[in-house]
1. Around MET105, under 13 Å between beta carbons, what's the net of Lys plus Arg minus Asp minus Glu among the other residues?
2. How far is it, in nm, from the label point at ARG39 to the one at VAL119 when both lie 7 Å from their Cα along the line to the Cβ?
3. Among 67-74, 164-171, how do they line up from the highest to the lowest mean number of other beta-carbon atoms within 10 Å?
4. Near ARG60, within a Cβ-to-Cβ distance under 9 Å, what is the net charge of the other residues, with Lys and Arg +1 and Asp and Glu -1?
5. Please give the contour-minus-distance gain from LEU137 to ALA83: 0.36 nm per residue of separation, less the Cα-Cα distance, rounded to one decimal in nm.
6. So, with a 1.4 angstrom probe, what is the percent of accessible area on region 24-141 that is carbon and sulfur?
7. Averaged per residue, what accessible area in Å² does region 87-172 show with a 1.4 Å probe, protein chains only?
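The values are calculated or read from the model by the stated rules, or taken from the named source; none is laboratory data. Please read all numbers here as calculations on a predicted model, not as lab measurements. Here the Cβ is made from the backbone with ideal geometry for all residues, glycine too, and neighbour counts use every protein chain on show. Side chains are part of the model used for accessible areas, which takes the heavy atoms of the whole protein and leaves out ligands, DNA and RNA. Shrake-Rupley method; radii C 1.70, N 1.55, O 1.52, S 1.80 Å.
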Amino acid sequence: MASALAMALLGACAPPPVQPSAMVPDLAGLAPGPAPAYRQSITAAPVAGGRGVSPLWTARIDNAQFQASLVSTLANAGLGQAAGGRYRLDATLAKLERPFAGYGMTVEAVVAYRLTDTVTGAVVYDASLATPGTATLDDAIDNNTRLVLANERAVQVNLRRLVEVLYALPDRPVASSRR
């Protein structure tokens, strides 16, 4: 009975909110920027897959938080254009594995990305990236806070990996619009 009461009290504690700014990666140390065709030319489409806080009060990332992080990352990387870019980047947060509890929580973020040339309709990049994020007792004593930190770190590493991939894409010729 005592353990059931403790679990009920633990479940009643809502996790702290996920901070989109905490998911924006530090891009220091990356190879030189993108090929000219991609500079300031990628517009992030509305993202999918985020679910926010679950009924079981476990921290999740919602679409608005993920969208804000993606847009900021593209801007910081010299890739982003607010609207009307030559390329459209679709992103789906396909999986965010969440442990219920633990001293060290490792979360795996799997994001499916598709980069499409809006002029030609050609798919330039289409793949999923899986990256881990960990938070330990050194980061936070509370399970919910550790889970939020692990979520943020998993997405942060995923976005950094995306920038690395986009920087490595070969340059594309400027295509004329269809008539």
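1. Values: positive: ARG98, ARG146, ARG153; negative: GLU97, GLU108, ASP138, ASP139, ASP142, GLU152.
Its environment carries a net charge of -3.
2. About 1.6 nm separates the two model spin labels.
3. On the way: 67-74: 21.9, 164-171: 14.1.
Highest-to-lowest ranking by the protection proxy: 67-74, 164-171.
4. Numbers: positive: ARG51, ARG98; negative: ASP62.
Every neighbour counted, the sum reads +1.
5. Details: separation 54, 0.36 × 54 = 19.44 nm, distance 4.16 nm.
In short, 15.3 nm is gained.
6. Numbers: 3140 of 5600 Å².
It is 56 percent, rounded to a whole number.
7. Numbers: 3750 Å² over 86 residues.
Accessible area per residue, region 87-172: 44 Å².
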